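Report on one structure; see the data block that follows.
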Amino acid sequence: MFSDRTNWKLTRNRFTKAWEEMRAAGREVLDLTISNPTRAGFDYDEAAILGALSSPRAMDYDPQPKGLLEAREAVSGYYGEQQATTELDPEQLILTTSTSEGYSYVFRLLCNPGDEVLIPKPSYPLFEFLGDLQDVKLVPYPLIYDHGWQIDFPSMPKAVSPLTRAVVVVHPNNPTGSYLKPGERDTLNRFCAEHDLALVGDEVFLDYAHDGRSRSSLALNREVLTFTLSGLSKVSALPQMKVAWMVANGPKAQWKDAVARLEVIADTYLSMNGPIQWAVPILLEQRKSIQKQLLDRVLANLAELDRQLATRKSCQRLGVEGGWYAVLRVPVTGSDEDRTIELLRRKSVLVHPGHFYDFPGEGHLVLSLIGPKGEFAEGIRRVLEIVDC
(Lines give C-alpha, C1' and ligand atoms only; values in the text may rest on other atoms or scores of the structure.)
Protein backbone atom coordinates (compact mmCIF):
# COMPACT_ATOMS: atom_id res chain seq x y z
CA MET A 1 0.00 0.00 0.00
CA PHE A 2 2.87 2.41 0.76
CA SER A 3 5.75 3.59 -1.38
CA ASP A 4 9.26 2.25 -0.87
CA ARG A 5 10.50 5.79 -0.22
CA THR A 6 8.61 5.78 3.11
CA ASN A 7 9.82 2.36 4.17
CA TRP A 8 11.52 3.73 7.27
CA LYS A 9 12.01 1.89 10.51
CA LEU A 10 9.26 3.52 12.55
CA THR A 11 9.86 1.73 15.83
CA ARG A 12 11.50 3.93 18.47
CA ASN A 13 15.15 3.33 19.24
CA ARG A 14 16.35 2.57 22.77
CA PHE A 15 17.47 6.14 23.36
CA THR A 16 14.05 7.57 22.45
CA LYS A 17 12.29 4.96 24.58
CA ALA A 18 14.45 5.84 27.57
CA TRP A 19 13.67 9.54 27.10
CA GLU A 20 9.94 8.83 26.87
CA GLU A 21 10.11 6.72 30.03
CA MET A 22 11.73 9.60 31.91
CA ARG A 23 9.03 12.03 30.81
CA ALA A 24 6.24 9.58 31.60
CA ALA A 25 7.66 9.16 35.09
CA GLY A 26 7.67 12.93 35.58
CA ARG A 27 11.45 13.03 36.06
CA GLU A 28 13.03 16.47 35.61
CA VAL A 29 15.79 16.26 33.01
CA LEU A 30 18.49 18.79 32.15
CA ASP A 31 18.30 19.04 28.37
CA LEU A 32 21.72 19.58 26.76
CA THR A 33 20.24 18.98 23.29
CA ILE A 34 17.94 22.02 23.20
CA SER A 35 17.68 23.49 19.69
CA ASN A 36 14.58 25.67 20.07
CA PRO A 37 15.75 29.23 20.89
CA THR A 38 12.20 30.38 21.66
CA ARG A 39 12.29 28.13 24.76
CA ALA A 40 15.82 28.91 25.89
CA GLY A 41 15.19 32.13 27.81
CA PHE A 42 16.10 34.81 25.27
CA ASP A 43 14.51 38.26 25.09
CA TYR A 44 12.51 38.90 21.91
CA ASP A 45 10.89 42.15 20.84
CA GLU A 46 7.37 40.73 20.98
CA ALA A 47 5.65 43.98 20.01
CA ALA A 48 7.70 44.36 16.84
CA ILE A 49 7.40 40.70 15.85
CA LEU A 50 3.66 40.42 16.40
CA GLY A 51 3.02 43.85 14.90
CA ALA A 52 4.85 42.82 11.74
CA LEU A 53 2.26 40.09 11.16
CA SER A 54 -0.68 42.50 11.02
CA SER A 55 0.02 44.36 7.78
CA PRO A 56 -3.23 45.28 5.96
CA ARG A 57 -1.47 44.31 2.72
CA ALA A 58 -1.91 40.69 3.75
CA MET A 59 -5.59 40.99 2.84
CA ASP A 60 -4.60 41.05 -0.85
CA TYR A 61 -3.64 37.80 -2.56
CA ASP A 62 -0.56 38.36 -4.70
CA PRO A 63 0.83 34.96 -5.73
CA GLN A 64 4.46 35.53 -6.72
CA PRO A 65 6.11 32.10 -7.06
CA LYS A 66 9.58 33.31 -6.06
CA GLY A 67 8.13 35.26 -3.13
CA LEU A 68 7.00 38.85 -2.76
CA LEU A 69 9.57 41.26 -4.14
CA GLU A 70 9.70 43.33 -0.94
CA ALA A 71 10.56 40.21 1.06
CA ARG A 72 13.23 39.15 -1.42
CA GLU A 73 14.69 42.65 -1.38
CA ALA A 74 14.92 42.43 2.40
CA VAL A 75 16.85 39.16 2.14
CA SER A 76 19.10 40.69 -0.51
CA GLY A 77 19.67 43.60 1.87
CA TYR A 78 20.61 41.17 4.64
CA TYR A 79 23.38 39.78 2.41
CA GLY A 80 24.35 43.33 1.51
CA GLU A 81 24.96 44.12 5.19
CA GLN A 82 26.40 40.77 6.16
CA GLN A 83 28.71 40.48 3.16
CA ALA A 84 29.27 44.22 2.49
CA THR A 85 28.11 43.90 -1.12
CA THR A 86 25.30 45.11 -3.36
CA GLU A 87 25.77 42.56 -6.10
CA LEU A 88 23.04 40.11 -5.10
CA ASP A 89 19.98 40.57 -7.30
CA PRO A 90 16.60 39.76 -5.66
CA GLU A 91 15.80 37.87 -8.88
CA GLN A 92 18.38 35.29 -7.77
CA LEU A 93 16.29 34.56 -4.66
CA ILE A 94 13.41 32.17 -4.09
CA LEU A 95 11.56 32.11 -0.77
CA THR A 96 10.57 28.79 0.81
CA THR A 97 8.94 27.81 4.07
CA SER A 98 12.06 26.01 5.30
CA THR A 99 15.54 24.97 4.24
CA SER A 100 14.13 21.44 3.99
CA GLU A 101 11.73 22.67 1.32
CA GLY A 102 14.68 24.43 -0.33
CA TYR A 103 16.56 21.13 -0.48
CA SER A 104 13.46 19.51 -1.95
CA TYR A 105 13.29 22.11 -4.73
CA VAL A 106 17.00 21.82 -5.52
CA PHE A 107 16.97 18.02 -5.55
CA ARG A 108 13.94 18.05 -7.84
CA LEU A 109 15.65 20.56 -10.09
CA LEU A 110 18.93 18.67 -10.41
CA CYS A 111 18.12 14.98 -9.99
CA ASN A 112 16.21 12.25 -11.73
CA PRO A 113 15.09 9.31 -9.56
CA GLY A 114 18.14 7.35 -8.47
CA ASP A 115 20.63 10.15 -9.09
CA GLU A 116 23.21 10.89 -6.41
CA VAL A 117 24.22 13.82 -4.22
CA LEU A 118 27.37 13.96 -2.09
CA ILE A 119 26.84 14.99 1.54
CA PRO A 120 29.32 15.53 4.41
CA LYS A 121 29.78 13.01 7.18
CA PRO A 122 29.36 13.74 10.07
CA SER A 123 26.43 16.08 9.56
CA TYR A 124 22.77 16.71 10.30
CA PRO A 125 20.59 13.54 10.27
CA LEU A 126 17.73 15.16 8.32
CA PHE A 127 19.51 14.56 5.00
CA GLU A 128 18.59 10.89 4.97
CA PHE A 129 14.87 11.65 4.98
CA LEU A 130 15.17 14.43 2.40
CA GLY A 131 16.99 12.07 0.07
CA ASP A 132 14.41 9.33 0.51
CA LEU A 133 11.49 11.66 -0.17
CA GLN A 134 13.07 13.01 -3.36
CA ASP A 135 14.21 9.56 -4.63
CA VAL A 136 17.82 10.72 -4.42
CA LYS A 137 20.70 8.54 -3.26
CA LEU A 138 22.94 10.29 -0.76
CA VAL A 139 26.63 9.39 -0.90
CA PRO A 140 28.77 10.54 2.05
CA TYR A 141 32.16 12.19 1.84
CA PRO A 142 34.14 12.40 5.09
CA LEU A 143 35.15 15.31 7.23
CA ILE A 144 38.30 14.43 9.17
CA TYR A 145 39.59 15.88 12.41
CA ASP A 146 43.27 16.81 12.51
CA HIS A 147 43.92 19.99 14.51
CA GLY A 148 40.47 21.06 13.34
CA TRP A 149 37.89 19.77 10.90
CA GLN A 150 38.57 19.61 7.18
CA ILE A 151 37.17 17.99 4.05
CA ASP A 152 38.88 14.75 3.05
CA PHE A 153 39.37 15.77 -0.57
CA PRO A 154 41.42 12.70 -1.62
CA SER A 155 38.37 10.52 -0.90
CA MET A 156 35.89 12.60 -2.92
CA PRO A 157 36.71 11.34 -6.45
CA LYS A 158 35.93 7.83 -5.20
CA ALA A 159 32.43 8.97 -4.23
CA VAL A 160 31.60 10.40 -7.67
CA SER A 161 29.75 8.34 -10.27
CA PRO A 162 28.02 9.11 -13.58
CA LEU A 163 24.84 9.63 -11.51
CA THR A 164 26.29 12.33 -9.24
CA ARG A 165 24.59 15.70 -9.65
CA ALA A 166 25.66 17.89 -6.73
CA VAL A 167 27.83 18.34 -3.64
CA VAL A 168 26.28 19.58 -0.40
CA VAL A 169 28.46 21.58 1.98
CA VAL A 170 27.25 22.82 5.38
CA HIS A 171 28.94 26.14 6.23
CA PRO A 172 29.46 25.93 9.18
CA ASN A 173 28.80 22.25 9.63
CA ASN A 174 26.23 21.00 12.11
CA PRO A 175 27.33 19.66 14.59
CA THR A 176 31.10 20.07 14.11
CA GLY A 177 30.89 23.89 13.82
CA SER A 178 33.58 23.94 11.12
CA TYR A 179 33.51 26.59 8.40
CA LEU A 180 34.53 26.02 4.80
CA LYS A 181 38.04 27.43 4.43
CA PRO A 182 38.88 29.67 1.41
CA GLY A 183 41.25 27.01 0.06
CA GLU A 184 38.57 24.35 0.46
CA ARG A 185 36.10 26.51 -1.44
CA ASP A 186 38.54 26.85 -4.34
CA THR A 187 39.11 23.10 -4.37
CA LEU A 188 35.37 22.42 -4.25
CA ASN A 189 34.78 24.79 -7.17
CA ARG A 190 37.43 23.00 -9.23
CA PHE A 191 36.02 19.62 -8.25
CA CYS A 192 32.46 20.62 -9.21
CA ALA A 193 33.61 22.14 -12.51
CA GLU A 194 35.62 19.03 -13.37
CA HIS A 195 32.70 16.69 -12.72
CA ASP A 196 29.92 19.03 -13.92
CA LEU A 197 28.29 19.22 -10.49
CA ALA A 198 26.27 21.89 -8.73
CA LEU A 199 27.29 23.11 -5.29
CA VAL A 200 24.62 23.32 -2.57
CA GLY A 201 25.53 25.37 0.50
CA ASP A 202 23.61 25.17 3.78
CA GLU A 203 24.42 28.36 5.71
CA VAL A 204 21.80 28.52 8.45
CA PHE A 205 24.49 29.06 11.13
CA LEU A 206 26.71 31.35 9.02
CA ASP A 207 26.27 34.40 11.29
CA TYR A 208 27.32 32.59 14.46
CA ALA A 209 31.12 32.70 14.20
CA HIS A 210 32.62 32.35 17.66
CA ASP A 211 35.52 34.68 16.92
CA GLY A 212 33.23 37.49 15.75
CA ARG A 213 34.64 37.54 12.21
CA SER A 214 32.09 37.30 9.41
CA ARG A 215 32.60 34.48 6.93
CA SER A 216 32.13 34.78 3.18
CA SER A 217 28.83 33.38 1.94
CA LEU A 218 28.50 30.90 -0.91
CA ALA A 219 25.63 33.08 -2.09
CA LEU A 220 28.30 35.14 -3.87
CA ASN A 221 30.00 32.12 -5.48
CA ARG A 222 30.14 32.63 -9.26
CA GLU A 223 32.56 29.87 -10.21
CA VAL A 224 30.03 27.05 -10.55
CA LEU A 225 26.25 26.74 -10.33
CA THR A 226 25.60 27.26 -6.62
CA PHE A 227 22.49 27.14 -4.45
CA THR A 228 22.74 28.68 -0.98
CA LEU A 229 20.12 27.94 1.66
CA SER A 230 19.34 29.84 4.86
CA GLY A 231 16.38 31.23 6.78
CA LEU A 232 14.89 33.00 9.78
CA SER A 233 14.98 29.86 11.92
CA LYS A 234 18.61 30.52 12.83
CA VAL A 235 19.34 33.98 11.36
CA SER A 236 16.71 35.63 13.57
CA ALA A 237 16.15 32.66 15.92
CA LEU A 238 12.51 32.48 14.79
CA PRO A 239 11.91 28.85 13.71
CA GLN A 240 8.14 29.20 14.12
CA MET A 241 7.89 31.85 11.40
CA LYS A 242 8.72 29.36 8.62
CA VAL A 243 10.64 31.65 6.29
CA ALA A 244 13.68 30.43 4.40
CA TRP A 245 15.28 31.13 1.05
CA MET A 246 17.67 29.90 -1.55
CA VAL A 247 20.06 31.98 -3.63
CA ALA A 248 21.11 30.81 -7.10
CA ASN A 249 24.48 31.97 -8.38
CA GLY A 250 27.25 30.91 -10.72
CA PRO A 251 27.70 31.53 -14.43
CA LYS A 252 24.84 33.88 -15.33
CA ALA A 253 23.27 31.73 -18.04
CA GLN A 254 23.20 28.76 -15.66
CA TRP A 255 21.69 30.51 -12.66
CA LYS A 256 19.06 32.24 -14.78
CA ASP A 257 18.04 28.92 -16.32
CA ALA A 258 17.97 27.35 -12.85
CA VAL A 259 15.81 30.14 -11.40
CA ALA A 260 13.34 29.87 -14.28
CA ARG A 261 12.89 26.17 -13.57
CA LEU A 262 12.74 26.70 -9.81
CA GLU A 263 10.04 29.30 -10.33
CA VAL A 264 7.86 26.65 -11.97
CA ILE A 265 8.47 24.29 -9.05
CA ALA A 266 7.61 27.04 -6.57
CA ASP A 267 4.54 28.05 -8.59
CA THR A 268 3.28 24.48 -8.36
CA TYR A 269 3.11 24.70 -4.56
CA LEU A 270 2.91 28.43 -3.67
CA SER A 271 3.74 27.46 -0.11
CA MET A 272 4.62 30.93 1.20
CA ASN A 273 1.81 32.86 2.91
CA GLY A 274 1.19 36.59 2.59
CA PRO A 275 1.34 37.85 6.20
CA ILE A 276 4.70 36.29 6.89
CA GLN A 277 6.21 37.63 3.66
CA TRP A 278 5.18 41.20 4.44
CA ALA A 279 6.76 40.74 7.86
CA VAL A 280 10.15 39.58 6.53
CA PRO A 281 11.90 42.99 6.66
CA ILE A 282 11.06 43.47 10.33
CA LEU A 283 11.73 39.84 11.25
CA LEU A 284 15.16 40.02 9.64
CA GLU A 285 15.92 43.13 11.68
CA GLN A 286 15.42 41.08 14.85
CA ARG A 287 18.72 39.33 14.15
CA LYS A 288 20.62 42.41 15.29
CA SER A 289 19.56 41.92 18.91
CA ILE A 290 18.94 38.18 19.14
CA GLN A 291 22.21 37.06 17.55
CA LYS A 292 24.25 38.88 20.20
CA GLN A 293 22.24 37.21 22.95
CA LEU A 294 22.75 33.80 21.38
CA LEU A 295 26.46 34.26 20.81
CA ASP A 296 26.95 35.52 24.37
CA ARG A 297 25.19 32.40 25.67
CA VAL A 298 27.11 30.07 23.35
CA LEU A 299 30.48 31.52 24.30
CA ALA A 300 29.67 31.52 28.03
CA ASN A 301 28.60 27.87 27.92
CA LEU A 302 31.62 26.95 25.82
CA ALA A 303 33.89 28.60 28.40
CA GLU A 304 32.12 26.72 31.19
CA LEU A 305 32.58 23.46 29.32
CA ASP A 306 36.29 24.16 28.92
CA ARG A 307 36.60 25.12 32.59
CA GLN A 308 35.15 21.82 33.71
CA LEU A 309 37.22 19.86 31.20
CA ALA A 310 40.46 21.51 32.31
CA THR A 311 40.81 19.13 35.27
CA ARG A 312 39.84 16.05 33.27
CA LYS A 313 42.30 13.87 31.43
CA SER A 314 40.15 11.49 29.43
CA CYS A 315 37.60 13.86 27.82
CA GLN A 316 38.27 16.41 25.12
CA ARG A 317 36.20 19.08 23.40
CA LEU A 318 36.81 19.05 19.67
CA GLY A 319 37.56 22.38 18.00
CA VAL A 320 34.55 24.45 16.97
CA GLU A 321 34.41 27.68 14.96
CA GLY A 322 30.72 28.53 14.80
CA GLY A 323 27.14 27.44 15.37
CA TRP A 324 25.30 26.31 18.49
CA TYR A 325 26.85 22.92 19.21
CA ALA A 326 29.97 21.30 20.64
CA VAL A 327 31.32 17.79 20.24
CA LEU A 328 32.78 16.01 23.25
CA ARG A 329 35.19 13.13 22.66
CA VAL A 330 34.97 10.63 25.50
CA PRO A 331 36.54 7.26 26.36
CA VAL A 332 35.04 4.34 24.47
CA THR A 333 33.71 1.90 27.04
CA GLY A 334 30.67 0.84 25.01
CA SER A 335 28.31 2.38 22.52
CA ASP A 336 27.46 6.08 22.60
CA GLU A 337 23.80 5.12 22.76
CA ASP A 338 24.38 3.05 25.91
CA ARG A 339 26.24 5.96 27.47
CA THR A 340 23.51 8.52 26.72
CA ILE A 341 20.87 6.17 28.13
CA GLU A 342 22.99 5.76 31.27
CA LEU A 343 23.24 9.54 31.58
CA LEU A 344 19.48 9.83 31.27
CA ARG A 345 18.66 7.18 33.83
CA ARG A 346 21.39 7.81 36.39
CA LYS A 347 21.96 11.55 36.09
CA SER A 348 18.77 12.90 34.46
CA VAL A 349 20.68 14.71 31.72
CA LEU A 350 19.99 14.51 27.99
CA VAL A 351 22.76 14.56 25.36
CA HIS A 352 22.91 13.17 21.84
CA PRO A 353 25.05 10.19 20.86
CA GLY A 354 27.49 10.82 18.03
CA HIS A 355 25.93 8.20 15.76
CA PHE A 356 22.88 10.45 15.37
CA TYR A 357 25.18 12.63 13.25
CA ASP A 358 27.05 9.80 11.52
CA PHE A 359 30.32 10.07 13.40
CA PRO A 360 32.45 7.22 12.08
CA GLY A 361 33.12 5.64 15.47
CA GLU A 362 32.03 5.55 19.09
CA GLY A 363 33.23 8.02 21.69
CA HIS A 364 31.39 11.20 20.67
CA LEU A 365 28.66 13.15 22.46
CA VAL A 366 26.94 16.20 20.93
CA LEU A 367 25.89 19.09 23.18
CA SER A 368 23.81 22.18 22.50
CA LEU A 369 25.35 25.45 23.71
CA ILE A 370 22.21 27.60 23.82
CA GLY A 371 20.63 26.34 27.04
CA PRO A 372 20.44 28.49 30.18
CA LYS A 373 23.90 28.86 31.70
CA GLY A 374 23.11 27.40 35.12
CA GLU A 375 21.40 24.35 33.67
CA PHE A 376 24.24 23.84 31.20
CA ALA A 377 26.91 23.98 33.91
CA GLU A 378 25.06 21.50 36.11
CA GLY A 379 24.39 19.23 33.14
CA ILE A 380 28.08 19.14 32.19
CA ARG A 381 29.02 18.36 35.79
CA ARG A 382 26.70 15.36 35.72
CA VAL A 383 27.96 14.20 32.34
CA LEU A 384 31.58 14.25 33.48
CA GLU A 385 30.72 12.25 36.59
CA ILE A 386 29.79 9.40 34.30
CA VAL A 387 32.09 9.68 31.30
CA ASP A 388 35.29 10.68 33.16
CA CYS A 389 34.97 8.74 36.39
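The values are calculated or read from the model by the stated rules, or taken from the named source; none is laboratory data. Small disclaimer: the values here were computed from a predicted structure and weren't measured. Note that each Cβ is placed from the backbone with ideal geometry, even for glycine, and that neighbours are counted across all protein chains shown.
Given the structure, is Leu220 touching a strand residue (DSSP E or B) at 6+ places or on another chain (Cβ under 7 Å), of a type outside the set (S, T, N, Q), in the same structural domain as Gln83 (by TED's automatic domain parsing) and surrounded by 20 or more Cβ atoms within 10 Å (Cβ to Cβ)? No, not satisfied.
For first residues located in segment 80-107 and under 30 Å from Val139 (Cα atoms), partners that are surrounded by fewer than 18 Cβ atoms within 10 Å (Cβ to Cβ) and β-branched (Val, Ile, Thr) and lie 6+ apart or on another chain with Cβ distances below 6 Å form the pairs Tyr105/Ile265.
When Asp31 is tested against (1) more than 26 Å from the chain's Cα centre (by Cα); (2) surrounded by 13 or more Cβ atoms within 10 Å (Cβ to Cβ), just one condition goes unmet, and that condition is (1). Determine whether segment 346-358 contains at least one residue that is among the aromatic types (Phe, Trp, Tyr) and surrounded by fewer than 22 Cβ atoms within 10 Å (Cβ to Cβ). The answer is yes, given that some residue of segment 346-358 is among the aromatic types (Phe, Trp, Tyr) and surrounded by fewer than 22 Cβ atoms within 10 Å (Cβ to Cβ).
Has segment 184-198 got at least one residue that is in contact with a helix residue (DSSP H, G or I) (Cβ under 6 Å, 6 or more places away or on another chain) and among the acidic types (Asp, Glu)? Looking for residues that are in contact with a helix residue (DSSP H, G or I) (Cβ under 6 Å, 6 or more places away or on another chain) and among the acidic types (Asp, Glu), one finds none in segment 184-198, hence no.
Rundown of residues vs (1) under 30 Å from His355 (Cα atoms); (2) at pLDDT 95 or above; (3) out of contact with any strand residue (DSSP E or B) (no Cβ under 8 Å at 6 or more places or on another chain), yes/no style:
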{"position": "Glu28", "(1), (2), (3)": "yes, no, yes"}
{"position": "Arg39", "(1), (2), (3)": "yes, yes, yes"}
{"position": "Ala84", "(1), (2), (3)": "no, no, yes"}
{"position": "Ser98", "(1), (2), (3)": "yes, yes, no"}
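When Glu128 is tested against (1) touching a residue at least 60 places away in the same chain (Cβ under 8 Å); (2) among the charged types (D, E, K, R); (3) within 21 Å of Thr33 (Cα to Cα), just one condition goes unmet, and that condition is (1). If you filter segment 113-136 down to residues that are among the charged types (D, E, K, R) and more than 20 Å from Val320 (Cβ to Cβ), you find that the one that is surrounded by the fewest Cβ atoms within 10 Å (Cβ to Cβ) is Glu128. Of all residues in segment 160-174, those satisfying the criterion of being of a type outside the set (S, T, N, Q) and over 26 Å from Val327 (Cα atoms) are Val160, Pro162, Leu163, Arg165, Ala166.
How about segment 302-341: which of its residues are of a type in the set (Asp, Glu) and out of contact with any Pro (no Cβ under 8 Å at 6 or more places or on another chain)? Working first, answer last.
Step one: of segment 302-341, the residues of a type in the set (Asp, Glu) are 304, 306, 321, 336-338.
Within segment 302-341, Glu304, Asp306, Asp338 qualify.
Kindly indicate which of Pro113, Pro125, Pro162 is of a type outside the set (D, E, K, R) and within 13 Å of the chain's Cα centre (by Cα). On inspection, the qualifying residue turns out to be Pro125.
Taken together, the criteria place Glu70 among residues that are within 27 Å of Ser271 (Cα to Cα), charged (D, E, K, R) and surrounded by 13 or more Cβ atoms within 10 Å (Cβ to Cβ). I'm trying to understand the selection: among the residues of segment 250-284, which are under 18 Å from Ser104 (Cα atoms) and crowded, with 24+ Cβ neighbours inside 10 Å? Within segment 250-284, Met272 is the sole residue that qualifies.
When you check Val224 against the structure, is it out of contact with any Cys (no Cβ under 7 Å at 6 or more places or on another chain) and modelled with pLDDT of 95 or more, yes or no?
Details: out of contact with any Cys (no Cβ under 7 Å at 6 or more places or on another chain): no; modelled with pLDDT of 95 or more: yes.
So Val224 does not fit the description; no.
Among all residue pairs at least 6 apart or on different chains, which show Cβ distances below 6 Å where the first residue, located in segment 204-216, is at positive phi and the second is surrounded by fewer than 21 Cβ atoms within 10 Å (Cβ to Cβ)? From segment 204-216, no pairs qualify.
Do we have Glu223 as more than 26 Å from Ser98 (Cβ to Cβ) and in contact with a helix residue (DSSP H, G or I) (Cβ under 8 Å, 6 or more places away or on another chain) here?
In short, yes.
Take the residues in segment 41-69 that are assigned to a helix (DSSP H, G or I) and in contact with a Pro (Cβ under 7 Å, 6 or more places away or on another chain); name whichever of them is modelled with the highest pLDDT. Among residues in segment 41-69 that are assigned to a helix (DSSP H, G or I) and in contact with a Pro (Cβ under 7 Å, 6 or more places away or on another chain), the one modelled with the highest pLDDT is Leu69. Could you tell me whether any residue of segment 205-212 is part of a strand (DSSP E or B), modelled with pLDDT of 95 or more and surrounded by fewer than 20 Cβ atoms within 10 Å (Cβ to Cβ)? Scanning segment 205-212 turns up at least one residue that is part of a strand (DSSP E or B), modelled with pLDDT of 95 or more and surrounded by fewer than 20 Cβ atoms within 10 Å (Cβ to Cβ).
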